[in-house]
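No value in this document is a laboratory result; all are computed from the given coordinates. This is a predicted model, so every value here is computed, not measured. We place every Cβ from the backbone using ideal geometry, glycine too, and count neighbours over all the protein chains shown.
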Amino acid sequence: MNLNLTPQSILHDIAQIQQLERGTVSIIRQGPQGPYHNHQCYEHGRNVSRYVPPEQVAEVKAAIDGYHQVQEMMAQYVQLMVDKTRAERAAAIKKKPLPPKSSLPKIRKSSA
């Protein structure tokens, strides 16, 4: 990951993560050859559970870690963009010229 945080560098780092998966991997029970794992996640508002073969457990866990990394980097990206937007707005307010003051006295209209 890049230590020089710019919006472009964060997007570049996000693009380097090639596998993403939501959810968790957990042991559902112990078997004679070792633990049985399942992957749980929400899809379309419903909890979905899938069996994970032992040879795929590490891959699914890595994809879940990748998803968490993307989430963290997206939060950093959003914060950088919010800061940039606020700085641009503040700079635009400071650059706005004040209207010239008139030397004529203001005449108020009566409400009668």
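Here is how the numbers come out for the structure above:
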| quantity | calculated |
| --- | --- |
| Counted residues, region 8-42 - those being in contact (Cβ under 8 Å) with a residue 60 or more places away in the chain and either among the aliphatic types (A, V, I, L, M) or loosely packed, with under 15 Cβ neighbours inside 10 Å (or both) | 3 |
| Selection status of GLN69, in contact (Cβ under 8 Å) with a residue 40 or more places away in the chain, of a type outside the set (D, E, K, R) and touching a Gly at 6+ places or on another chain (Cβ under 7 Å) | no |
| Matching option when the condition is more than 14 Å from the chain's Cα centre (by Cα) and touching a residue at least 24 places away in the same chain (Cβ under 8 Å), among GLU55, GLU59 | GLU59 |
